[in-house]
1. To the nearest 10 square angstrom, how much accessible area does Val65 have with a 1.4 angstrom probe?
2. In degrees, nearest 10, range 0 to 90: what is the angle between the Cα axis of helix 297-306 and the longest Cα principal axis of the chain?
3. Could you list which residues have their amide H under 5 Å from that of Ser47, counting only those 5 or more apart in sequence or on another chain, with H placed in the peptide plane?
4. Compute, for Glu225, the solvent-accessible surface of its heavy atoms (probe 1.4 Å) with the complete set of protein chains present, and express it in square angstrom to the nearest 10.
5. Return the Cα extents of region 212-292 along principal axes one, two and three, sorted largest first, each rounded to a whole Å.
6. Considering just Cα atoms, how many Å³ per residue does the convex hull of region 106-187 enclose?
7. Mind ranking Ser81, Ser243, Ser25, Ser359 by accessible surface for me, highest first, 1.4 Å probe?
8. Which of the trypsin sites (Lys or Arg not before Pro) found in region 195-238 are loop residues per DSSP with 16 or fewer other Cβ atoms within 10 Å of their Cβ?
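The values are calculated or read from the model by the stated rules, or taken from the named source; none is laboratory data. Predicted, not measured: the structure shown is a model, and the values here were computed from it. A quick note on method: Cβ atoms are made from the backbone with ideal geometry, for glycine too, and the neighbour counts reach across all protein chains shown. For accessibility, only protein heavy atoms count, side chains too; no ligands or nucleic acids. Shrake-Rupley method; radii C 1.70, N 1.55, O 1.52, S 1.80 Å.
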Amino acid sequence: MVLIAGCTQAAPAPAQAAPKTLTGSIGAAAYDIEVPSSWNGTLFLYSHGYVPPGGPKFAAASPSVDATAWLLGHHFAAAGSSYSSTGWALPDAFGDQVALLDFFEKHVGKPQRVIAWGTSLGGMVTAGLVQLYPGRFAAAMPMCGVLSGGIATWNLELDAAYAFRTLLAPGSSLQLTHISDPAANLQLALDAFNQAATTAAGRARLALVAALIDLPGWFDPRQPEPAPNDFAAREAAQGQWESRVDFTFAFRYRADLELRAGGNPSWNTGVDYSHQLSTSADRDEVNALYAAAGLDLQADLHALNAGVRVAADPAAGAYLDRNISFDGQLSVPVLTMHTTGDGLVIPPNEGAYANAVNSAGNSALLRQTFVHRAGHCAFTEAETVAAVQALLKRLDTGRWDDAALQPAALNAAALAQGDLENVFFGGAATPAFVDFSPATYPRPFARGESIPG
């Protein structure tokens, strides 16, 4: 994402003679630090997203090279760590980012304020940093973040995997937990998916799997969102999220999580899947597709409720609770961004986070924005600028400008950045901030709740 618009800035810090670029490693974590010649005293600490287990590690000072250039051009410093490991690297990410702050203070200077920001898993890291180390940060901007927390996220992946195997691969060797061969397990799931997608009955059951975890019925940001009653198109989009994105986590990357946690941290004991469907935003779609296919929906729900459930390994659950569930104990302002058509990190993540913050009595510190677009982290540069400006204004004035956070005002601020910044996937994209209330998160979990054995 390219940031290219002016923002309010902190009071100037003493000017440096020349810009600095510092790269290297702290332990197993590479870092990238960029400091302008007239640094204004504010540091943006960027946390990057999920890197598949064994994938190449990288240090990023911001979401993009152009974003770094904008920050430096406007006298902000930027820094980021690669983390010491890949996969579900939450413990490493927290420690590595704080180590980088310590390094920055020693080799550059103590910032007047540090703004944590990050995308995807990095949005989760961002929210975790201000929860675990509140004294180190002035504000945070989690973007497309996994804000329901680790336990809620992986429980929902288990729900999808369990429903899929029960209804569409009941006689298979598909593994839900303790996965012995992750790549082969994913391929087995994809083979079953491809077979199911060829029949009306299979597609209806895939829609039920999607509805239990509230997958959006919109996949391609270059196309308009299917109409609410275009159930075939919405199921097709959900199928793309399942087969091209989510199943990789449910049936493959879970193995990395369990290796870290020392066992399976997820459970579906006691879950009433009939109730879960009844609260889903997609229940009408499921009812229509089941009726068209001549299937008995109640029989399938009974099969889900009667199936052999999965219990958590308590120590593994405690590990995932630490890394991390959210308690809502904010002490700095937080502004979030999310697209409405995100099927990797579903929009109800925002509601789960807001509920935790509200329950802790800290709602005055939180504001949330939504962009009407399909895709994960599918923001234009201009939309990101508009949100950054709003957060900086909150820091500079000590209060939220709620009028400026209204969708029309944010869209105007984004539009003012010009045509070159209002682009997505190589084409013009009208700013798309929107009033939006996400559906209730299907199975929320706040820090400190009990983990059933």
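1. 120
2. Approximately 80 degrees, to the nearest 10.
3. Close amide H contacts, sequence-distant or interchain: Trp117, Gly118, Thr119.
4. Accessible surface of Glu225 is approximately 70 Å².
5. Projected onto its principal axes, the Cα set of region 212-292 covers 44, 33, 18 Å.
6. On the way: hull volume 12.2 nm³, N = 82.
It is 149 Å³ per residue.
7. On the way: Ser81 5, Ser243 30, Ser25 80, Ser359 105 Å².
Ranked from most to least accessible, the order is Ser359, Ser25, Ser243, Ser81.
8. Details: sites: Arg203, Arg205, Arg222, Arg234; in loops: Arg222.
Within region 195-238, the qualifying trypsin sites (Lys or Arg not before Pro) (loop, at most 16 other Cβ atoms within 10 Å) are Arg222.
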